[in-house]
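One structure below.
The values are calculated or read from the model by the stated rules, or taken from the named source; none is laboratory data. Predicted model only: the values in this text are computed from it and were never measured. Cβ atoms come from the backbone with ideal geometry, glycine included; neighbour counts cover every protein chain shown. Areas reflect the complete protein model, heavy atoms only, side chains present, ligands, DNA and RNA absent. Shrake-Rupley method; radii C 1.70, N 1.55, O 1.52, S 1.80 Å.
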Amino acid sequence: MGISRRAFLAGSATVAGAAAIAAPAIAQGRKNVLRYIPPSNLAGIDPVLTSGAPVRNHGYQIYDTLFGMDRRFEVRPQMAEGAEQSSDGLTWTIRLR
């Protein structure tokens, strides 16, 4: 007969050891370190010419966009200060901040 789950968790040393093992690596002393491993190598660095997800993700991490979406998915100026559309609707003037 094996040890029951309650008996296993009853020991204070066992609980402390289990808590230390279960603690995520982010809480184990590494501060301000973010490691990202892309799923594949970059085919190029231009997100406009390449449709691959790694290139798109790289573009969002490196380049700023003119407009971005907030938490409610509403478009807001990000790198742009504002935008005006011409009276004929064919030309946009975007002011950078």
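Of note:
- For first residues located in region 30-48 and farther than 16 Å from TYR60 by Cα, partners that are modelled with pLDDT under 80 and assigned to a loop (DSSP other than H, G, I, E, B) and lie 6+ apart or on another chain with Cβ distances below 7 Å do not occur.
- For region 59-97, the tally of residues that are within 30 Å of PRO38 (Cβ to Cβ), assigned to a loop (DSSP other than H, G, I, E, B) and of a type in the set (A, V, I, L, M, F, W, C) stands at 3.
- Yes/no for ALA80 being farther than 27 Å from LEU96 by Cβ, of a type in the set (A, V, I, L, M, F, W, C) and either out of contact with any helix residue (DSSP H, G or I) (no Cβ under 9 Å at 6 or more places or on another chain) or open to solvent by less than 70 Å² (accessible area, probe 1.4 Å) (or both): no
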